[in-house]
Amino acid sequence: MTTHAPQAAQTVMLPVSLDEAVAALTAMPAAVPVAGGTDLMASVNSGLLRPAGLVGLGRISEIRGWQYQDGHALLGAGLTHARMGRPDFAALIPALAAAARAAGPPQIRNAGTLGGNIVTAAPTGDALPVLAALEATLIIAGPEGSRREIPVSHLLAGMEMLRPGEIVGFVRVPLLHAPQTYLKATGRTGPGRASASVALVLDPARRNVRCAVGAVAPMPLRPLEAERWVAGLIDWDGTRTLAPEACAAFGEYVAAACIPDPQPADGSQAPDGQGAEPQPLPPAVLHLRRTVAALARRALGRALA
């Protein structure tokens, strides 16, 4: 019996700036950028990925911090989950800090980065529903010093993709100075991959509520009708409180939008001409819908508290 270890990368490049990293990827298109490597190395170790080269991003200091810019926070893609989980960052973007603290055990939080979470785009990525709810924007570095911006939701949905030689350099997030929450459910006690997650943001300036549900689909889902409905119930000039029944109804609205009832495959009609009765959800899916409803209800309640 023999075992075959994954082939190691032949070339490792360690640029010290974004433009150097872009130049390295342009010169060697088969190379793969790596920051924390928490997802990349899992793929390498399992034999799913055998990169011809690696472009290490750990020495690029410009993407490892953040700065203020016109009412927004400009976050470097190299920020680790551990750094985002600290109190000073939590005062800036509470929901993203909560997601960072929930990203896994300490060894994952110390290595994993914001940019890696975005580019890997795993459905269970903790930062993704928060960025979707905040309507964050990506700043992408390209060849010859070019920069372009795309909504993070476009990348996650596959509407816009990274082009050859491009790297996510920064994430622009609006500073709302208003309540925001992130909650997740896992299959076990303690840190773990989400079976469902909910990020919820209040935006008093625009008098709206933004909610994103993660882990139940390939990308975070925005229940837009539920958002508009609950925003219309909130007294934005008053105490911004809602009855528990309204929060519960919002949770059910969100869950039904993200995990809808199955429709008959044959499009059959009932005798009265109306649509046929929907098929019942399988028990596991029904449990997931109830989990999403509970998370959305609690997230709204905490944001309004």
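Here are the criteria: (1) open to solvent by 80 Å² or more (accessible area, probe 1.4 Å); (2) part of a loop (DSSP other than H, G, I, E, B); (3) under 21 Å from Ala178 (Cα atoms); (4) not hydrophobic (A, V, I, L, M, F, W, C). Tell me which single one Gly238 does not satisfy. Against the list (1) open to solvent by 80 Å² or more (accessible area, probe 1.4 Å); (2) part of a loop (DSSP other than H, G, I, E, B); (3) under 21 Å from Ala178 (Cα atoms); (4) not hydrophobic (A, V, I, L, M, F, W, C), Gly238 comes up short only on (1). The criterion of being part of a loop (DSSP other than H, G, I, E, B) and surrounded by fewer than 16 Cβ atoms within 10 Å (Cβ to Cβ) holds for Met159. Annotation: of all residues in segment 241-287 being surrounded by fewer than 15 Cβ atoms within 10 Å (Cβ to Cβ) and in contact with a Pro (Cβ under 7 Å, 6 or more places away or on another chain), the one that is modelled with the lowest pLDDT is Ala276.
Yes/no matrix, rows are residues, columns are (1) modelled with pLDDT under 95; (2) part of a loop (DSSP other than H, G, I, E, B); (3) more than 23 Å from Leu224 (Cβ to Cβ):
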{"position": "Leu155", "(1), (2), (3)": "no, no, no"}
{"position": "Leu176", "(1), (2), (3)": "yes, yes, no"}
{"position": "Tyr182", "(1), (2), (3)": "no, no, no"}
{"position": "Thr189", "(1), (2), (3)": "yes, yes, yes"}
{"position": "Ala196", "(1), (2), (3)": "no, no, no"}
{"position": "Leu200", "(1), (2), (3)": "no, no, no"}
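The set of residues in segment 136-153 being surrounded by fewer than 16 Cβ atoms within 10 Å (Cβ to Cβ) and either assigned to a strand (DSSP E or B) or of a type in the set (Ser, Thr, Tyr) (or both) consists of Ser146, Arg147, Arg148, Glu149.
Yes/no per residue for (1) among the acidic types (Asp, Glu); (2) in contact with a strand residue (DSSP E or B) (Cβ under 6 Å, 6 or more places away or on another chain):
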| position | (1), (2) |
| --- | --- |
| Leu96 | no, no |
| Ala100 | no, no |
| Ala121 | no, no |
| Asp126 | yes, no |
| Leu131 | no, no |
| Ala136 | no, yes |
| Ile139 | no, yes |
| Val152 | no, yes |
| Gly158 | no, no |
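Scanning segment 114-129 for residues that are aliphatic (A, V, I, L, M) and more than 17 Å from Pro33 (Cβ to Cβ), we see that the one that is surrounded by the most Cβ atoms within 10 Å (Cβ to Cβ) is Ala127.
If you go through segment 175-219 and keep only what is among the charged types (D, E, K, R), under 17 Å from Ala127 (Cβ atoms) and open to solvent by 20 Å² or more (accessible area, probe 1.4 Å), you end up with Lys184, Arg193. Evaluate the following for Val168: is it out of contact with any Cys (no Cβ under 6 Å at 6 or more places or on another chain), closer than 16 Å to Val34 by Cα and either modelled with pLDDT of 95 or more or in a strand (DSSP E or B) (or both)? For Val168, the condition - out of contact with any Cys (no Cβ under 6 Å at 6 or more places or on another chain), closer than 16 Å to Val34 by Cα and either modelled with pLDDT of 95 or more or in a strand (DSSP E or B) (or both) - is met. Ala133 passes every criterion in (1) touching a residue at least 60 places away in the same chain (Cβ under 8 Å); (2) crowded, with 18+ Cβ neighbours inside 10 Å; (3) assigned to a strand (DSSP E or B) apart from (3).
Step by step: first the residues of segment 3-49, then only those that are within 25 Å of the chain's Cα centre (by Cα), assigned to a helix (DSSP H, G or I) and exposed (fewer than 14 other Cβ atoms within 10 Å of the Cβ), then the one that is modelled with the lowest pLDDT. Which residue is that? Looking at residues that are within 25 Å of the chain's Cα centre (by Cα), assigned to a helix (DSSP H, G or I) and exposed (fewer than 14 other Cβ atoms within 10 Å of the Cβ), I get Ala42.
The values are calculated or read from the model by the stated rules, or taken from the named source; none is laboratory data. What you see is a predicted model, and the numbers here were worked out from it, not measured in a lab. As a convention, Cβ positions derive from the backbone with ideal geometry for all residues, glycine included, and neighbour counts pool all protein chains shown. Please note that ligands, DNA and RNA were not included when accessible areas were found on the heavy atoms of the full protein model with its side chains. Shrake-Rupley method; radii C 1.70, N 1.55, O 1.52, S 1.80 Å.
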